[in-house]
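The next block holds one structure in the form of structure tokens; read it before the comments.
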Amino acid sequence: MENSDYKAFANKILEVLDNYDKAIKVGQKGKELAVNNFNPEKQTKMIIDFVSELKYKVRH
């Protein structure tokens with residue numbers, strides 16, 4: 001699905017709303033994604049790395 005294809009996105013939402021089992025699976029996948037990728041330790045490291053890179057670029 002293309003990022004700009006809002007009709008396809010809307011259809012996917014309707015598909016999930018019409019299918020309880022699929023909605024549960026989508027929710028579980030979303031939770032898994034959030035737990036694995038958006039934890040405080042990872043976010044803090046990403047911010048520190050970003051700021052360190054900016055400091056380096058400004059000085060060189």
Item to check | Top-ranked residue of the stretch 22-45 - restricted to ones that are aliphatic (A, V, I, L, M) and surrounded by 10 or more Cβ atoms within 10 Å (Cβ to Cβ), ranked as farthest from Lys12 (Cα to Cα) | outcome: Ala34
Next on the checklist: Based on this model, can you work out whether Asp49 counts as acidic (Asp, Glu), surrounded by 10 or more Cβ atoms within 10 Å (Cβ to Cβ) and modelled with pLDDT of 90 or more?
Outcome noted: yes
Item to check | First in the stretch 1-22 and of a type in the set (A, V, I, L, M), second anywhere and at pLDDT below 90 and exposed (fewer than 12 other Cβ atoms within 10 Å of the Cβ), Cβ under 7 Å, 6 or more apart | outcome: Ala8/Met1
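The values are calculated or read from the model by the stated rules, or taken from the named source; none is laboratory data. Keep in mind that this is a model prediction, so the values were computed, not measured. Cβ: placed from backbone, ideal geometry, glycine included. Neighbour counts: every protein chain shown.
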